[in-house]
Each structure stands twice: as C-alpha cells, then as structure tokens.
1. Of 163, 126, 47, which is the most mobile in a GNM of the chain whose springs link Cα atoms less than 10 angstrom apart?
2. When only C-alpha pairs under 8 Å and at least 6 residues apart count, what is the relative contact order of the chain, in percent?
C-alpha cells in the first residue's frame, strides 16, 4: 500500500490548485466555503498544532464538495494544516490504505500527519452524526411525498420528472443542514488535532 513520505505528499495538488482544476461542482464547492463558520477557539486549536493533511478526493463526490471546503477554510484562517489533494482514482495505492471499513473507497479521506510523518488521525467521508440525521430527514421526505415511492427502491426506477423533484428535495435538505454539518466536521477534525478522536467519521488511527 502507498506510504506517505514528504516526497509523495508534495506530489499532491494544493487546495486552491484542486479547486481551480474542478470540472464540475465548483460553484457548489465555493458556496460551501462561504457557509463555514469557525470560532476563535476553533482556529486556535488548529494553529497550536501545525500538521499536514493528505486528502483523497474527486470533484464528482458530494461529500468532497461538502467537507473539503471546511478543511480549506480552516487552513486559510489558521495558516495550517498544509493540504495536498490526490485524485482518488489516480492514486489507488493511497486509496487502498484508507478503505472505509476495509472495503469501501469512500471519500474524502483526510489523513493527518505530524512533522515526523507519523499519522495522528484520519477522517473518512462524513461524521456519523451527519449520516444519521440525513437518513432521518430522507425518510421524512419520502413519508411526505408518496409519489417518490419507497426510500429503499432504486431512484432510477422513478419517472424522470419525479426523480428530478426528489433530487431537488434531497439537495434542499442537505443545503438546510449545511451549517450544522460543517460544525460537526469541525468538531471531528478538532478531535483529531487535539488527540481525542473516537472511531466513527473521524478515526484516531489508521486501523480505525
């Protein structure tokens, strides 16, 4: 599996370089940057412990569009961490190192390293709290709109106009949750930096 060294890390794209390279979802990415709210205490936590973060991402992924801007704004306001972004499908050796539950190629992956290139924690995909609330809200949407059918049925079986309305409702739900979800991401990233992460969306060790 891929090993993170200074040399490999520096082969990645900077955060702004990745943003400029996006061929889709760039407007949503920038809109999510504008939703990020950090307290002085948040900024101070990251500033006290300068780290490097290896990111696995892709511009088609909703969780990347939602969560990478949080990390980017942290770095902008705190001056750290140093971020390098690697395209998931072009770096399979790195992805294999950070499979979600040992199986899934979930992104984004934020792997935090200290000056000695020791891994101090990993964030994968999204916080569990966000997953749980999103699932609850999704069930509520389906319950309120019988025309959407079963929440367990494949979406592509719906008529095109119904599917478009469903996608609109789901996107509105995510937008309405965005500031709260961003705060949950900040909370989990703070836990990694402060050395108190638990297993879940953020993992304290690479075995998590």
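Every number here is computed from the coordinates shown, using simple stated rules; none is lab data. Predicted model, so just to flag it, every value in this text is computed and none were measured.
1. Highest fluctuation among the options: 163.
2. This gives 24 percent for the chain.
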